[in-house]
Amino acid sequence: MMQNKKEIKTSMETTIRSICEDIGPRAPCSPEEAKCAEYIQEHLRKYSEKTKIEKFYCHPDTYKLTIRIPFISILIITIIYWLYYILPSFIPLLLCSLVIFTAFILIQTELTRNNEVIDRLFKEKRSTNVVGKFMPDKDIKSKQLIIIGGHHDSQYEFGLLRISPLLFELMITSSIILNYIMFVLFIIKDIFFLLAIHYLIFPLIDMIILIILTCLSPFYVFSLFKITSKNAVLGADDNLSAIAVILELAKYLKLKKLKQTEIWLVSHGCEEIGDRGSKRFSKKHKEEILEKNGYVINIDMIGGKNSELKIDIIEEVILIKLCKELGNEISKIASDLGIQHKIGNIEAFSDSMAYSMNNIKACSVISVPKKGFAAHYHTRRDTIDIIDFNKLFDVCTILCEFIERVDGNKIHIH
């Protein structure tokens, strides 16, 4: 691939530009997302006869509520808490406890682990995954499976993030931490109230907390309305950069004679609303993937300028552990090729999370700023102009070398 660097970079740019101009933003479960899946299928079919679209169903509107839950719960609690402070009784205390308990459960499930707890309250819609399979010679049974994936949907614009990445991070982090603090506080208050235990310090603590909540409330009201908009973004980097790489890998695999390894190139739908596509795909094919000791490498947002390549082995800060051994193998290849990178964790989630939660070996390759969020992340600034195609080529090279080593029986992960 190194010999055709200029040609490959031009081809990847053409892919991203074509989708941006001819299809545009691709909100989860939208006609544009479906059209992009058809585009990917059409191009994969040029190189693999075993290409198909797999339909699935989910509830995309749930995300618009769940991402706002930390703000909503704090605002409701602030009002009821004042009522409790002025007229202490068990009813407002119970209401506060119910609100914060519900918020805590939803944050721990819907937000951090992508569990579908309240999804059925919202309308079900259709989305699609696309898979193209590349097999060894007909007479050879595949001994290993590699899945290389990305996603073709794009997120609704994070208006708060566009205004200020720092404000976005502060509002999200502080609201979640406050929910956790309030959860513990109201457990203690409920116990003390039921046991009729009273301390003079409690009114002082209540007043301090209420002052903090009241001062933060205007910011949370603002965040409630600005966290996401009704308009999806182009998502050139997040995640057409991965689609461009996947289609280049398809060209490479068409010419390569695989010895013993089966390759699946997969583009998932509805990643932006909680890995819905990869959850459905990994669950549907779980038995076959595990039987073939499958390795999953997810590509996400790999082209941003002024960012650094990261091999992701932990997601949601520390909550979701991916396959460290697989990440180390990818890191070793990058080092051998002289490609600068780091190995570690990210603060969000990717499609690798869904595979990992099905006990499938998975890691992600992603580009992130050295600090904070990328300026274009989930905003209208995510256009083709911010993409460094040298980074996309580097990822292509790493993945080709990984395929070579696995197919050459040089990598074994158990």
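Any read-out appearing in this document is the output of simple, stated calculations on the displayed coordinates, not a laboratory observation. Worth saying up front: this structure is predicted, and the values here are computed from it rather than measured. When we count neighbours, we look across all protein chains shown, and the Cβ atoms used for this are built from the backbone with ideal geometry, even at glycine.
If the convex hull of the alpha-carbon atoms of the chain is projected onto planes in all directions, what is the mean projected area in square nanometres?
21.2
Quick one: Cα convex hull volume of the range 188-277, Å³ per residue? Working shown, then result.
Details: hull volume 19.8 nm³, N = 90.
Per residue, the Cα convex hull of the range 188-277 comes to 220 Å³.
Between the helical axis of 165-194 and the dominant principal axis of the chain, each derived from Cα atoms, what acute angle in degrees is found, rounded to the nearest 10?
So the inclination is approximately 50 degrees.
Work out which GluC sites (Glu not before Pro) in the chain are exposed loop sites (DSSP not H, G, I, E or B, at most 12 other Cβ within 10 Å) and give the longest gap free of them. Let's see the in-between values first.
On the way: sites that count: GLU49, GLU124.
With a cap of 12 other Cβ atoms within 10 Å, the longest stretch comes to 125-414.
Given the range 248-406 reduced to its alpha-carbon atoms as identical point scatterers, what log10 I(q)/I(0) does the Debye formula return at q = 0.11, 0.19 Å⁻¹?
Debye curve over Cα of the range 248-406, log10 I(q)/I(0) at q = 0.11, 0.19 Å⁻¹: -0.43, -1.37.
Return the FRET efficiency for the residue pair LYS283, ILE208: r is the Cβ-Cβ distance, R0 is 45 Å, and the value is rounded to the nearest 0.05. Intermediate values should be presented prior to the final figure.
Details: r = 47 Å, r/R0 = 1.04.
Approximately 0.45, to the nearest 0.05.
Over the chain, what relative contact order in percent results from Cα pairs under 8 Å that are six or more residues apart? Could you put the intermediate results ahead of the total?
Values: 757 pairs, mean separation 98.3, N = 414.
Computed value for the chain: 24 percent relative contact order.
Hey, how much of the P(r) for the range 28-122 falls beyond 19 Å, as a percent of Cα pairs? Each step should come with its number before you reach the end.
Values: 2708 of 4465 pairs.
Summing the P(r) tail past 19 Å for the range 28-122 gives 61 percent.
Could you tell me the calculated FRET efficiency between TYR180 and GLU49, based on Cβ-Cβ distance and R0 = 41 angstrom, to the nearest 0.05? Please list the in-between numbers first.
Numbers: r = 52 Å, r/R0 = 1.26.
Step by step, r from the Cβ atoms, then E = 0.20.
Pop the C-beta distance of LYS256 and LEU195 into the FRET formula with R0 = 60 Å and round what comes out to the nearest 0.05.
Numbers: r = 71 Å, r/R0 = 1.18.
It comes out at approximately 0.25.
Please say if the range 176-234 is rounded, prolate or oblate, where rounded means a/c under 1.5 for a ≥ b ≥ c the square roots of the C-alpha gyration tensor eigenvalues, and otherwise the choice is prolate for a/b larger than b/c and oblate otherwise? Numbers along the way, then the final one.
Working: a/c = 4.98, a/b = 2.51, b/c = 1.99.
Judged from the Cα gyration tensor, the range 176-234 comes out prolate (a/c at least 1.5, a/b above b/c).
Among all stretches of the chain without exposed chymotrypsin sites (Phe, Trp or Tyr not before Pro) (DSSP loop, at most 16 other Cβ atoms within 10 Å), which one is longest? Walk me through the numbers on the way to the answer.
Working: sites that count: PHE122, TYR199.
After excluding every exposed loop site, the longest remaining stretch is 200-414.
How far is helix 324-336 tilted off the main Cα axis of the chain, in degrees rounded to 10, range 0 to 90?
With both axes taken from Cα atoms, the answer is about 50 degrees.
Label points 7 Å out from Cα along the Cβ direction at SER89 and SER11: separation in nm?
7.3
Using bins 5 angstrom wide from zero, how does P(r) for the range 36-92 break down, in % of all Cα pairs?
4, 14, 12, 9, 8, 8, 9, 7, 5, 5, 6, 5, 5, 3, 1
Going by a ≥ b ≥ c, the root eigenvalues of the Cα gyration tensor, does the range 339-414 fall in the rounded group (a/c under 1.5), the prolate group (a/b larger than b/c) or the oblate group? Show your work: numbers first, answer last.
Values: a/c = 2.40, a/b = 1.46, b/c = 1.65.
Since a/c reaches 1.5 but b/c is at least a/b, the shape of the range 339-414 is classed as oblate.
Taking every DSSP beta bridge with both residues inside the chain, roughly what % is antiparallel (nearest 5)? Provide the component values of the computation, followed by the final result.
Working: 23 of 45 bridges.
The antiparallel fraction comes to roughly 50 percent.
Can you compute the radius of gyration and Dmax for the range 146-250, using only the Cα atoms, both in Å?
Just the Cα atoms of the range 146-250 yield Rg and Dmax of 21.9, 70 Å.
As I understand it, the value is the acute angle between the Cα axis of helix 201-226 and the longest principal axis of the Cα atoms of the chain; what does it come to in degrees, rounded to 10?
Between the helix axis and the principal axis of the chain, the angle is about 40 degrees.
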